[in-house]
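Participant: Questions regarding the structure given below will be posed in turn.
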Amino acid sequence: MVLANKISNMPPEESVKIMANWDEPLIIDVLRQMDADSEAAGKMSITAYLLTLFPNKEQASRIMYLMTQL
């Protein structure tokens with residue numbers, strides 16, 4: 001996914017500023033793709049770190065929950 005690649009290649013703070021304005025399903029899709037890309041490359045994913053940078057901690061918690069449930 002091109003969007004996941006662009007987000008993962010940006011500074012984390014900038015990535016979060018952009019993603020914080022997206023709908024949650026899009027955030028989840030991009031973060032899942034980032035996880036899959038990292039796994040395929042044999043690298044650690046930064047998605048958990050990105051979620052810690054979200055300004056709205058409730059939204060970050062909801063996203064993390066949804067990522068583990070769906």
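The values are calculated or read from the model by the stated rules, or taken from the named source; none is laboratory data. As the structure is a prediction and not an experimental result, all values here were calculated from the model. All Cβ positions, even for glycine, are placed from backbone atoms using ideal geometry, and neighbour counts span all protein chains on display. Accessible surface areas use protein heavy atoms only, side chains included; no ligands, DNA or RNA. Shrake-Rupley method; radii C 1.70, N 1.55, O 1.52, S 1.80 Å.
Participant: Inside the range 9-29, can you point out the residues that are part of a loop (DSSP other than H, G, I, E, B) and not small (Gly, Ala, Ser)?
Facilitator: Result: ASN9, MET10, PRO11, ASN21, TRP22, ASP23.
Participant: Have a look at ALA48, ALA60, ALA36 and point out the one that is more than 20 Å from MET1 (Cα to Cα), in a helix (DSSP H, G or I) and within 12 Å of the chain's Cα centre (by Cα).
Facilitator: Just one listed residue meets the conditions, ALA60.
Participant: Return the pairs, sorted by first residue and then second, in which the second residue is open to solvent by 80 Å² or more (accessible area, probe 1.4 Å) and part of a helix (DSSP H, G or I), the first residue lies in the range 1-29 and is closer than 22 Å to ARG62 by Cβ and touching a residue at least 40 places away in the same chain (Cβ under 8 Å), the beta carbons are less than 7 Å apart, and the residues are 6+ apart or on different chains.
Facilitator: Once the first residue is closer than 22 Å to ARG62 by Cβ and touching a residue at least 40 places away in the same chain (Cβ under 8 Å) and sits in the range 1-29, its partners that are open to solvent by 80 Å² or more (accessible area, probe 1.4 Å) and part of a helix (DSSP H, G or I) give PRO12/TYR49; GLU24/ARG62.
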